[in-house]
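Following: one structure in structure tokens, then a few remarks.
The values are calculated or read from the model by the stated rules, or taken from the named source; none is laboratory data. Treat the numbers as computed from the prediction; the structure is a model and nothing was measured. FYI the Cβ positions are ideal-geometry reconstructions off the backbone, even for glycines, and counts take in every protein chain you see.
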Amino acid sequence: MSKSALAVAWVLLGWPVATSAQTTSGWVLWEMTMVTKAGADSVTWVPLDGFESIAECRQTGQQLLQYALDYMKSGAGKLLGPVRPDGRSAVFELTQSGPRQTVDTRYLCFPGTLDPRPREAAPRSTTR
């Protein structure tokens, strides 16, 4: 399994992934994951990488979603409904043991200076 596929698998399973987005880049690829498990919802935003063009950013998002689809086909879960027309988002059900878990994963590109996380979720900067 490639590093990217492994990272997608980790995120889909709710495990933390170390990433470093280049906020000085023109565009940053973010992964937004909405998980419903045992009736509780959670949303996480993870900056994945920086790109000079939005086309490169979107293409990488499509590749990451393809890795997630391949991972689901390996028996880890199943796709619920079609992949969205942008090719960068889909909803999965994980078939691991335990309570049912539905994961809505989206790979979104934003300008490098924009942090899409809610204010309370974004890391606070400190100045000395």
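Before moving on, here are some points about what is shown:
- Candidates Gln63, Gln59: the one that is surrounded by 11 or more Cβ atoms within 10 Å (Cβ to Cβ) and touching a residue at least 40 places away in the same chain (Cβ under 8 Å) is Gln63.
- Residue within the stretch 33-44 that is at pLDDT 75 or above, under 11 Å from the mean Cα position of the chain (by Cα) and loosely packed, with under 14 Cβ neighbours inside 10 Å present: yes
- Residue match in the stretch 38-54 (condition: touching a Pro at 6+ places or on another chain (Cβ under 8 Å) and either more than 28 Å from Trp27 (Cα to Cα) or hydroxyl-bearing (Ser, Thr, Tyr) (or both)): yes
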